[in-house]
Amino acid sequence: MDINLNDLLRRYRSHPFEDYFVETPHTGVVFFKVKEGQAVKGPGGEWLHRPGTLLYVIERERNVKRMTALWSGQISGIRLDIEGQFVEAGEPLFSIRHQLDKEEIIDRILTQVLYIFSAPQRARYFLTPEISARMEKQFKQGVSVELGEDVLIMSLMKRDTMISYEGVPGSLYKVYFNSGDMVEQGSPLLGICSPDKLQYVQKVIHRIRTEWEK
Amino acid sequence: MRIDQIHMADSGRLLSQLADRISYLIDIKGNSEYGNIGDLLGQVQRLRQSLFEIKESNLFEEIDRIEDRVSFLEDRVAEKLSPAEIVNIVRSPQRFTLMDILENVYDSYTELGGEGECNIDPAIVVARATISRRVKNKLYSHQVMVIGHEKGQGEEYRNGGCARPWGNNKALKYMRVAETEGIPIHFYIFTPGSYPIEDYPGAAQQIARNLYVMAKLKVPMVSFISEGGSGGAEAIGASGLRLMGSRGYYSVISPEGAAAIEGKIREGEKLPRKLLEHCAAQLKITAEDNLRLGTIDRIIGEPPLGARRDDFPFFRRLRYEMLRATDELVLKTKNFRAFRAYALKRQAEEGKDVPEDFDLFIGWSLTDLERERLLEFRFKKYIELGKGYFIENKNILTQGIRKTKVFASKTYYDIRYGLLRPHHRNVQKVIEEVSGEGSVFLRKVTEPVRAAYDFVFPQPERPSKVIRSGEPERKSIFAEEWDPYVSPLANEDCTVTCPNAAKYGCLDLWVPDLYGEFCGVCPNCGHHFPLEYQWYLENLFDKNSVREFNAHIASCNPLGFQGYSARLQKDIKHTGRNSSIITFEAEVWGIRLVVAMLFSNFRGGTVGVAEGEKFVRACDVASTTRRPLLAYIHSTGGIRIHEGTLGVVQMPKCTFGVREYNDNGGLYIVVYDNNSYAGPVASFLGCSLYQFGIRSSRIGFAGPRVIRETTGQDVPTDYHSAKNALKRGHIQGIWDRREFKKNLYDALMTLGGPNLYYK
């Protein structure tokens, strides 16, 4: 948990991108359908049912597979030398440089800084009444949780189970679910921040929100 | 009040009337360029604004001038109305709606199942109403149930008369109420189409259920069509007599929809007006066309430019015609001679003004026998729809042979199942009962003796012997099943990717494997790749058991739709078949059944007149031979739009056929494969009590694009999947293609039960 926030911030400021490397899923002959520097779009639509931009086709045993972008961003480092060549599986083709926006950066910082308490199984979750009451009364970030304290109610098949908190004691910083929603196993439920970092984290996030352009 | 003030008030009224007339003309023409009507409207608006500034004489002069011009334009427009303009008339906000009819045609009414916005579906209005007539200065009133679409007089929540599935369900509920109370039903159809959503009870399902019930609803039903939009119209349209306003339209698809399909217009692009007008003309949607084709029974005259909301003479005529139509239905069941006299008299009056008095009062209640007759007439009417609009071999000799064959088989099966079978069953029952009782009695006597005997002389237990026949020993159990039929799709040396590869990590499939050994099923995730219909013919039924009938009935181009004949010929040549349906007798492990199979290669498996006729005849064959009926839907794209309303009426026609077959005790099973959409699903397929889907099939009312365009909402990609259809209760199960035969056999055995014909 020892992360230097300043370093993190500096890194994101100088390089607010995430590079996704595109590799061939299997052997085959590759034909590129994009150019260096071209902007591509990821899947769209309400259910992400509209495929993204066509990146390349790979042909194996006369099966022409059209591969589309899974992220939006810019094409960089395209390896035109292998155009029309037979390549092995896992051959890097190019990378998609995805520009991170403010919320994405905040999310990334938070997941690194916070202690994430994730769902033990697929169920509906509620905050315990005590925690909700405290959250209403006090400022959200000020609600502290202790080890072994009952924080959540897991409801499945009309059976409510209390879940006690295990992990780093600290303040409840972020609640990742809506009360009563079905949450998949392993999805984040709560983000807890240790008290010594709390103020600092708040400041950093405030700064990102207000000062950064994008 | 001074005279000129009255004049002023009058001129205001006159001007607003003129404005209405001009905007009505703009509605009809679809633009304000025709004859400078836009300018004319501007002039009227200016006059209205400066009403008190202009000198009175000048004002009236101006009004007269404009009125002359408007009347002239109206006459010109009325002279030749194009079908597209008729569509505009029907959709004009000034056209009368159901509420106007309820107010003006009926004496009093009580809305049922909700009122206004507080309603399960405001697009469908149901009311108990009284309608009255004068006979020799005495007033008689009748009770009727009025069911219809309300387009809304500017009310958003009416949804433009697009009934949601639960709206049609409400209609059905009150049809049943009318049946219980024994009062006639008057339907008013004002719908551009049904609202294409699958939420329970499901658009297609509900229409199918309505049709199924209407086939045997024991009350006289009359319908009036103003805007008959395909499936939505059928949901409350399968009545004994169908009337239509002379400026209404009745169509298989909206002209916009037809234009989008015909012109291959992409989503979001604007439709060229020319194309739209062309399609409207090709679809033969006007009242005259429909009367000529026999899809409606009578036209009710409207003014040249259509009846509007304050057209009281039209409402009077409508009341008279509705009364008359109901009288006819009732009289027909009572006494044919009386009916004929009545009909002749009415025919002489045709075209004359609406009389003040009726000359006799006809009660609308029916006896049981008359109800039966009513249903008989209705059945006959619908079964005959579209006759003569398909090609049948007219050779007298072959026809004679066919007729003799049909007669012979009918007689044979009537004797076998109608006479001998019940007798045989009764004898068997008696024997069973007697022997059952006898054995109980005997056992009581012999039990102690036998027990004592067994105790004294215990029998040694013998090992059971496996019975072997004379066949060679090492024969594979698949020997008989091993069919050499291999799909031609398997002849390609390449691999394909399963569409679920990203989700389930399916490996690429080698095509000869996939279409050969795997029967087109991904071995990893079970996705079914489409296979040609011949595969089913070969693999689903016992070897050499398929015997096709009625293959000679061929589709033709009854409306003279441009370009359709050529496409039809191309498909006939390409597939070697005359229509998109194959009807045949076949066996599934010894169980003989009649099968109707819609396949995709012929015009996308759409249903036209020939297909409907073949389906009805298949029902008839199944009924005569007492066999179960299977409708296997390889694929269907709906009703064939090129055959217009003749195609639409195949919906009630086939449903009536199925209903008759079911009521005779038949077992009707539907199995959907690949894609099944629209009309057929909303009628003769959806009405089946037992429906199944093959895995990876898609079933629904309208495709995603149509849903997007009508509701403005996108649907998930798996909206129409068989799994979701199962969740909504549309189908009863999902079958794997590889186990189709076994499942079908099981279904026939379990659903059929001992009382089925084939037992």
Point to revise | Close pairs from segment B:539-551: first farther than 28 Å from B:Glu392 by Cβ, partner surrounded by 14 or more Cβ atoms within 10 Å (Cβ to Cβ), Cβ under 6 Å, at least 6 apart | key: B:Leu540/B:Phe740; B:Leu540/B:Lys741; B:Asp542/B:Glu587
Review point. What residue, among those in segment B:499-533 that are within 11 Å of chain A (Cβ to nearest Cβ) and outside any helix (DSSP H, G or I), is farthest from A:Thr68 (Cα to Cα)?
Key: B:Trp510
Practice item. Would you check if B:Glu492 is over 30 Å from A:Leu48 (Cβ atoms), surrounded by fewer than 20 Cβ atoms within 10 Å (Cβ to Cβ) and within 12 Å of chain A (Cβ to nearest Cβ)? Key: yes
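Does segment B:138-146 contain at least one residue that is surrounded by 24 or more Cβ atoms within 10 Å (Cβ to Cβ), in the same structural domain as B:Val219 (by TED's automatic domain parsing) and either hydroxyl-bearing (Ser, Thr, Tyr) or assigned to a strand (DSSP E or B) (or both)? Reasoning before the result, please.
Taking segment B:138-146 as the starting set, the residues that turn out to be surrounded by 24 or more Cβ atoms within 10 Å (Cβ to Cβ) are B:144, B:146.
Keeping just the survivors that are in the same structural domain as B:Val219 (by TED's automatic domain parsing) gives B:144, B:146.
From what is left, the residues that are either hydroxyl-bearing (Ser, Thr, Tyr) or assigned to a strand (DSSP E or B) (or both) are B:144, B:146.
Yes.
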Practice item. Tell me which of these B:Cys279 doesn't satisfy, since it passes every other one: (1) touching a residue at least 24 places away in the same chain (Cβ under 8 Å); (2) within 19 Å of B:Thr191 (Cβ to Cβ). Key: (2)
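Table: residues versus (1) under 27 Å from the mean Cα position of the chain (by Cα); (2) among the aromatic types (Phe, Trp, Tyr); (3) assigned to a strand (DSSP E or B).
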| position | (1), (2), (3) |
| --- | --- |
| B:Phe60 | no, yes, no |
| B:Arg65 | no, no, no |
| B:Arg69 | no, no, no |
| B:Ala78 | no, no, no |
| B:Ile101 | yes, no, no |
| B:Glu111 | yes, no, yes |
| B:Arg128 | yes, no, yes |
| B:Ser132 | no, no, yes |
Revision key, fill the gap. Residue count, segment A:12-65, condition surrounded by fewer than 18 Cβ atoms within 10 Å (Cβ to Cβ), in contact with a His (Cβ under 9 Å, 6 or more places away or on another chain) and of a type in the set (Val, Ile, Thr), comes to 0
Check your understanding: Of all residues in segment B:14-26, how many are modelled with pLDDT under 90 and of a type in the set (D, E, K, R)?
Key -> 0
Exercise for review: Determine the pairs where a residue that is within 14 Å of another protein chain (Cβ to nearest Cβ), located within segment A:23-35, has a partner that is surrounded by 15 or more Cβ atoms within 10 Å (Cβ to Cβ) and small (Gly, Ala, Ser) with Cβ atoms under 8 Å apart, the partner being 6 or more residues away or on another chain.
Suggested key: none
Review point. Taking interchain pairs and intrachain pairs at least six residues apart, which have beta carbon atoms under 6 angstrom, with the first residue in segment A:38-55 and within 14 Å of another protein chain (Cβ to nearest Cβ) and under 21 Å from B:Tyr719 (Cα atoms) and the second small (Gly, Ala, Ser) and surrounded by fewer than 17 Cβ atoms within 10 Å (Cβ to Cβ)?
Key: A:Arg50/A:Gly44
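Mind listing whichever residues of segment B:230-269 are touching a Leu at 6+ places or on another chain (Cβ under 8 Å) and outside any loop (DSSP other than H, G, I, E, B)?
Residues of segment B:230-269 touching a Leu at 6+ places or on another chain (Cβ under 8 Å): B:234-235, B:238, B:240-241, B:244, B:247, B:251-253, B:255-256, B:258-260, B:262-263, B:265.
Of everything in segment B:230-269, those that are touching a Leu at 6+ places or on another chain (Cβ under 8 Å) and outside any loop (DSSP other than H, G, I, E, B) turn out to be B:Glu234, B:Leu241, B:Met244, B:Arg247, B:Ser251, B:Pro255, B:Glu256, B:Ala258, B:Ala259, B:Ala260, B:Glu262.
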Check your understanding: How do the pairs read when you match residues in segment B:307-330 that are under 18 Å from B:Ser239 (Cα atoms) with residues anywhere that are surrounded by fewer than 19 Cβ atoms within 10 Å (Cβ to Cβ) and not hydrophobic (A, V, I, L, M, F, W, C), using Cβ under 7 Å and keeping only pairs 6 or more apart or on different chains?
Key -> B:Arg324/B:Arg346
Exercise for review: Name the one entry in B:Ser683, B:Ser696 that is more than 14 Å from chain A (Cβ to nearest Cβ), over 26 Å from B:Glu613 (Cα atoms), crowded, with 17+ Cβ neighbours inside 10 Å and in contact (Cβ under 8 Å) with a residue 60 or more places away in the chain.
Suggested key: B:Ser696
Practice item. Please verify whether segment A:93-115 includes one or more residues that are at pLDDT below 85, over 22 Å from the mean Cα position of the chain (by Cα) and either crowded, with 18+ Cβ neighbours inside 10 Å or of a type outside the set (Lys, Arg) (or both). Key: no
Review point. Does B:Val715 meet the test of being within 14 Å of another protein chain (Cβ to nearest Cβ) and either touching a strand residue (DSSP E or B) at 6+ places or on another chain (Cβ under 6 Å) or part of a loop (DSSP other than H, G, I, E, B) (or both)?
Key: yes
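Please note which helices (runs of 4 or more DSSP H) are completely contained in segment B:600-670 and include at least 1 residues that are within 16 Å of B:Arg577 (Cβ to Cβ) and in contact with an Asp or Glu (Cβ under 9 Å, 6 or more places away or on another chain).
Working: elements: B:609-625, B:644-648, B:650-663.
In segment B:600-670, B:609-625 are the helices (runs of 4 or more DSSP H) which contain 1 or more residues that are within 16 Å of B:Arg577 (Cβ to Cβ) and in contact with an Asp or Glu (Cβ under 9 Å, 6 or more places away or on another chain).
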Review point. Would a scan of segment B:555-571 turn up a residue that is in contact with a strand residue (DSSP E or B) (Cβ under 8 Å, 6 or more places away or on another chain), modelled with pLDDT under 95 and outside any loop (DSSP other than H, G, I, E, B)?
Key: no
Practice item. Evaluate the following for B:Arg48: is it among the basic types (Lys, Arg), at pLDDT 90 or above, surrounded by 14 or more Cβ atoms within 10 Å (Cβ to Cβ) and part of a helix (DSSP H, G or I)? Key: no
**Study point:** Residue that is nearest to B:Phe390 (Cα to Cα) [pool: residues in segment B:561-574 that are surrounded by fewer than 17 Cβ atoms within 10 Å (Cβ to Cβ) and either in contact (Cβ under 8 Å) with a residue 12 or more places away in the chain or within 23 Å of the chain's Cα centre (by Cα) (or both)]
**Key:** B:Ile572
Practice item. Can you confirm whether segment B:285-297 contains a residue that is touching a strand residue (DSSP E or B) at 6+ places or on another chain (Cβ under 6 Å), charged (D, E, K, R) and more than 21 Å from B:Pro192 (Cβ to Cβ)? Key: yes
**Study point:** All positions within segment A:22-44 that are farther than 20 Å from B:Ala501 by Cβ and part of a loop (DSSP other than H, G, I, E, B)
**Key:** A:Val34, A:Lys35, A:Glu36, A:Gly37, A:Gln38, A:Lys41
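Residue by residue through segment A:178-214, note down the ones that are in a helix (DSSP H, G or I) and of a type in the set (Lys, Arg). Walk me through how you get there before you give the answer.
Step one: list which residues in segment A:178-214 are in a helix (DSSP H, G or I), which gives A:195-211.
Matches in segment A:178-214: A:Lys197, A:Lys203, A:Arg207, A:Arg209.
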Study note, to complete from the structure: For A:Gly90, the lone unmet condition from (1) within 14 Å of chain B (Cβ to nearest Cβ); (2) in a loop (DSSP other than H, G, I, E, B) is (1)
Point to revise | B:Leu420 being at negative phi and modelled with pLDDT under 75 | key: no
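Quick one: would you say B:Asp542 is away from chain A (no Cβ under 14 Å) and either surrounded by fewer than 19 Cβ atoms within 10 Å (Cβ to Cβ) or assigned to a loop (DSSP other than H, G, I, E, B) (or both)? Working first, answer last.
On the way: away from chain A (no Cβ under 14 Å): yes; either surrounded by fewer than 19 Cβ atoms within 10 Å (Cβ to Cβ) or assigned to a loop (DSSP other than H, G, I, E, B) (or both): yes.
Answer is yes for this residue.
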**Study point:** Residue list for segment B:350-371, restricted to those being closer than 15 Å to B:Asp327 by Cα and in contact with a Phe, Trp or Tyr (Cβ under 8 Å, 6 or more places away or on another chain)
**Key:** B:Phe361
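For residues in segment B:711-733 being crowded, with 20+ Cβ neighbours inside 10 Å and more than 20 Å from the chain's Cα centre (by Cα), which is nearest to B:Leu685 (Cα to Cα)?
Applying the filter and picking the extreme gives B:Ala722.
The values are calculated or read from the model by the stated rules, or taken from the named source; none is laboratory data. Here the structure is a predicted model, which is why all the values come from computation and not from measurement. Here Cβ is always computed from backbone atoms with ideal geometry, including for glycine, and neighbour counts include all displayed protein chains.
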